[in-house]
Structures are given as C-alpha cells and as structure tokens.
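Here's the structure we're looking at; comments come further down.
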Amino acid sequence: MSIRKYIIKKIVISVLVLLGVSLLTFIMGRLAPGDPIDTVLGGINSPSEAEIAAARKYLGLDEPLPVQYLKWLWHILKGDFGVSYQSGQQVSRELAVRLPQTMFLTLGSIIVMLIVAFPLGIASALNYNGPLDYLIRFVNVLIISVPSFCIGILLVLLLGVKYRLLPTMGSGSIRHLIMPSLAIGLGSGAGLSRLIRSQILKHMEAEHVAAARVFGVKASTLLKNHVLKNAIAPIITNIGLIIGAMLGGSAIIETLFSWPGAGSYVVSAIYSRDYPVIQAYALIMACIYIVINVFIELSYCITMPSLFMPGGTDEN
C-alpha cells in the first residue's frame, strides 16, 4: 500500500471513528439515570419548577437531543469543550491540567511493564518446559488473575502502611509514582511476557533459525537477529493496545491513590452526570487511541517494510 493511500485511508477512518464515539457517548450519557440539574442546583433546597426550567435552559438541556448534539459538535470543531457543571470551569482547562498527570502515570506503568515483560518472556522461552519456565508461567497467571486495584491495595498495605517506604496517595515526586505504576504495570507486564514467550517459541521453530543453529550461530545472536527481529511486530501491536488501555483504564488506580489525573476526574463527572466532561474525555481518549494505532502501523515500515512496497499486502 502506498503512503498516500495509507494516509487518506487513516484520515477517513479516524473521522468516522471520532464521529461514532461522539454520538455513542452523547446518547449513552443522556440515557443514563440521573439528572445534571441536581448537580447545578445542589446548593438549593427544594428548587422550584421555575428554577429547574431556568437551569435547563441555561445548560441547553431543554432543546431536542439532535439539536444538543449538533451544537456540541459545532463547539468541539471550534475547540470549545464546554463548561463543567461541577466546577463551572472550562473543561479544556481542567483536562489540560489533569491529562499530563495521567500520561505521567502511564509512562511509569509502561516502564514497569517492559521491565517485567521482556526479561520474563525471554527467560521463559529459553528455558522451555524447564523449572524456570514453569515458575514464570505460574507467576504470570497469578498476577494476571489479580485485578490491578487489588494489587494496589496490597502495595499500599505492604509498602505504605507496614514498612512506610512509599507515600500512599497524592503526587509530586517519583516516590508517589512508584506504587500506582506497579499496580498498573505488573499485570500488563505479565500478560505481555506470555505473548513474548509464545512469539519467541514460534519463531525459534522456523527453518532459517534451525539452519543458523546448525551452522553454529551464537544463541544471543540467533535470538537478536533471527528470532526477536521477526517476532517484534505482534509484540509492538500488543504494546500499543496496552498503552491505550492504560490511558483509558487508569481511573480506578488514580482514585485509589488520589492521583490527580483525568481518570479520577471523569469518575467524579460520571457520578454527577457532568456531560461536557464525560464527552470531552471520551473524545480525547479516542483521539489518543487513533494516534497510538497510527504509530503502531507506521512502525511496520521498519519491522515489515514489505507492506508499504508496491504489491505489498496490508494485513491490518
């Protein structure tokens, strides 16, 4: 596939995906039980019908749903995400402060994931069906089976309460980052190490690898140049998907550790039916997923350049 066709295809798909996400988020927000007017008039005891009607008109909730959606979409195209019902602040300003915190946490989680995944995956594959392989596989299954918030609670009890090695909540230093990063990264690293193991074992059975082994190629050279080089494409794809899941699914861990990120912010918005915050967060997360997906596919220019050559096959 040519680069030009690839870019056009991605732009069209991205626009359609964002429209679909915006429409689904808008509809699901309106269908959910609860009324944002309760948040806006929370300081008034037993508001009158006139006050409720005035609040609905002020928020634009008295208009038909298609009109509300089109108006919101038009403001989004102008870069206006609206005003939060809870704080009365611009949503874009609030997210501009909180999104970097979520990305910082995600970066720490990625580092933990890679430190866990590659050594364990490679060691497990190189000791296939040996004691170390069985031990690593057992540990991986054990970690994957425990939800991230349970790992977080155990870390708080062990490292925060019992031994007082790390702060249990808040942000501001690398020490605050360690426990939430471990809570998210350990499970992702265990899952990724299983994929790395299976990919290495798969490519170690290839004919060219067997031939290189017969000719006396060193095990380290064989692993680096003949196995990992061919196995890296699905691993990179999986890493990209995990990163997207970390960004979008960090809300529980952010809430547990009082991390001031976008995830904990949107959880509070969901409880308050703060439509502008929920819709903006969903749209931004969709954009991030799309960008990550584009970077993943661009990495195929290096790992699988034949896809972008004339006559190449696009398998994705």
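The values are calculated or read from the model by the stated rules, or taken from the named source; none is laboratory data. This one's a predicted model, so the numbers in the text were calculated from it and none came from an experiment. Cβ: placed from backbone, ideal geometry, glycine included. Neighbour counts: every protein chain shown. Side chains included, ligands, DNA and RNA excluded: accessible areas come from the protein's heavy atoms. Shrake-Rupley method; radii C 1.70, N 1.55, O 1.52, S 1.80 Å.
Return yes when I13 is closer than 14 Å to A282 by Cβ, open to solvent by 60 Å² or more (accessible area, probe 1.4 Å), β-branched (V, I, T) and assigned to a helix (DSSP H, G or I) and no when it is not. Even if it seems obvious, please write down each step before you answer.
Details: closer than 14 Å to A282 by Cβ: no; open to solvent by 60 Å² or more (accessible area, probe 1.4 Å): yes; β-branched (V, I, T): yes; assigned to a helix (DSSP H, G or I): yes.
No: the conditions fail for I13.
Among the numbered criteria (1) in contact with a Lys or Arg (Cβ under 9 Å, 6 or more places away or on another chain); (2) open to solvent by less than 80 Å² (accessible area, probe 1.4 Å); (3) in a helix (DSSP H, G or I), which one does D38 miss?
(2)
For the range 138-180, which residues satisfy the criterion of being over 9 Å from F257 (Cβ atoms) and touching a residue at least 60 places away in the same chain (Cβ under 8 Å)?
S148, F149, I153, L177, I178
I'd like the full set of residues that are open to solvent by 50 Å² or more (accessible area, probe 1.4 Å) and either outside any loop (DSSP other than H, G, I, E, B) or under 15 Å from D274 (Cβ atoms) (or both), limited to the range 58-87.
Y58, L65, P66, V67, L70, K71, W74, H75, L77, V83, Q86, S87
Where the second residue is part of a helix (DSSP H, G or I) and open to solvent by 80 Å² or more (accessible area, probe 1.4 Å) and the first is within 18 Å of I37 (Cβ to Cβ) and lies in the range 54-79, which pairs have Cβ atoms under 7 Å and are six or more apart or on separate chains?
Every condition considered, the pairs that remain are G60/K71.
Pull out all pairs, ordered by first then second residue, where Cβ-Cβ is under 7 Å, the residues are six or more apart or on different chains, the first lies in the range 23-39 and is over 18 Å from A280 (Cα atoms), and the second is part of a loop (DSSP other than H, G, I, E, B) and open to solvent by 70 Å² or more (accessible area, probe 1.4 Å).
Filtered contacts from the range 23-39: T39/Q86.
So which of N225, N238 ends up being among the polar types (S, T, N, Q) and more than 23 Å from the chain's Cα centre (by Cα)?
Just a single option satisfies the conditions, and that option is N225.
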